[in-house]
1. Could you give log10 I(q)/I(0) at q = 0.09 Å⁻¹ for the chain, computed by the Debye formula over C-alpha point scatterers of equal weight, without solvent?
2. Springs between alpha-carbon pairs under 10 angstrom, Gaussian network model over the chain: which of Leu100, Leu228, Leu91 fluctuates most?
3. Restricting to Cα pairs below 8 Å that are 6+ residues apart, what does the relative contact order work out to for the chain? Please round to a whole percent.
4. Where in the chain is the longest stretch that carries no chymotrypsin sites (Phe, Trp or Tyr not before Pro) classed as loop by DSSP and with at most 15 other Cβ atoms within 10 Å?
5. Taking the stretch 1-108, which GluC sites (Glu not before Pro) meet the DSSP loop condition and have no more than 13 other C-beta atoms within 10 Å?
6. Do any GluC sites (Glu not before Pro) in the stretch 166-247 lie in a loop, going by DSSP, with at most 16 other beta-carbon atoms within 10 Å of their beta carbon, and if so which?
7. DSSP loop (so not H, G, I, E, B), at most 12 other Cβ within 10 Å: list which trypsin sites (Lys or Arg not before Pro) in the stretch 30-113 pass both filters.
Amino acid sequence: MATVPTITLNDGATIPQLGFGVWQVPADEAETVVAEALKVGYRHIDNAAVYGNEEGVGRAIAASGIPREELFITTKVWVSDFKAGNTKQALRTSLEKLGLDYVDLYLIHWPSPADEAYLDAWKAMEEMQAEGLTRSIGVSNFLPEHLERVAEAGTVIPAINQVEIHPALQQRDCQEANERHGIATQAWSPLAQGAVFEDEPVVAAAEAHGVSPAQVVIRWHLQRGRILFPKSVTPERIASNFDVFGFELSETELAAIDGLERDGRTGPNPGEFNPS
């Protein structure tokens with residue numbers, strides 16, 4: 001089994017750089033899918049309350065027999081809960097569904113910046129971290145201006161900012177802001193839902209190393225120092241997405257993939273997205 005590299009966060013915690021995501025995994029399939037990922041060797045699972053599959057993830061964790069301290073479990077608070085002032089209760093509900101005493105990372109899922117309620121949520125997150133309900137706290141989909149507001153208003157700097165990043169959308173301003181604050185960058189939709197698999201630099205690197213385009217893109221993220229969690233429900237792809245430690249991209253190959261930036265966003269723009 002491959003040894004996944006870890007990244008040390010600004011609070012001293014360590015996180016496996018390669019994880020497994022469960023967005024859009026049906027609730028009735030989550031246990032089977034996560035069990036397969038854990039069997040392959042993943043120890044970092046990224047989840048969220050709004051995904052509706054925390055119970056299945058929790059059952060897979062319980063059945064795995066893997067010691068809790070060897071796992072890194074993330075979940076997230078949805079906008080409606082933090083706007084209603086229910087951030088703490090939302091985490092307690094997630095812990096109950098997951099069957100855990102604590103999560104390793106709790107994130108604000110979206111800033112929903114119209115009313116800046118995320119600032120109140122952040123204060124609650126700091127309190128929950130102090131209580132031991134979560135080891136680390138962070139944010140998701142925060143643009144530089146949102147990070148600045150949290151840094152000004154809070155007493156704890158987020159450990160992670162999870163944003164959409166892939167070769168077609170690299171959000172370099174967000175990555176630079178994260179680095180400026182000592183925040184680790186975590187990529188969601190790291191494979192661009194396959195939209196970059198036919199791009200020449202990706203195809204050329206895949207042919208040169210005898211691997212798949214998905215493996216090339218995962219390797220690009222890893223070598224650029226980002227945390228990521230590709231998602232699949234297919235056992236073969238779950239395994240191949242983990243099998244990325246037997247080759248290394250050259251700096252020329254990395255730079256060519258860097259050049260694929262085209263503002264190819266697949267999700268909402270965080271500056272304009274204000275879900276209820």
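All of the numbers you see were taken from the coordinates with simple rules; none came from a lab. If you're wondering where the values come from, they're calculated on a predicted model, not measured in any experiment. Every residue, glycine as well, gets a Cβ built from its backbone with ideal geometry; the counts of neighbours run over all protein chains shown.
1. At q = 0.09 Å⁻¹ the computed log10 ratios are -0.39.
2. In the Gaussian network model the winner is Leu100.
3. Working: 503 pairs, mean separation 54.0, N = 276.
Relative contact order of the chain: 20 percent.
4. Working: sites that count: Trp23, Phe245, Phe247, Phe273.
Of all site-free stretches, the longest is 24-244.
5. On the way: sites: Glu29, Glu31, Glu36, Glu54, Glu55, Glu69, Glu70, Glu96; in loops: Glu29.
When the GluC sites (Glu not before Pro) of the stretch 1-108 are filtered for loop state and at most 13 Cβ neighbours within 10 Å, Glu29 remain.
6. On the way: sites: Glu176, Glu179, Glu198, Glu207, Glu236; in loops: Glu198.
Counting only loop positions with at most 16 other Cβ atoms within 10 Å, the GluC sites (Glu not before Pro) in the stretch 166-247 are Glu198.
7. Working: sites: Lys39, Arg43, Arg59, Arg68, Lys76, Lys83, Lys88, Arg92, Lys97; in loops: Arg43.
Sparse-neighbourhood loop trypsin sites (Lys or Arg not before Pro): none present.
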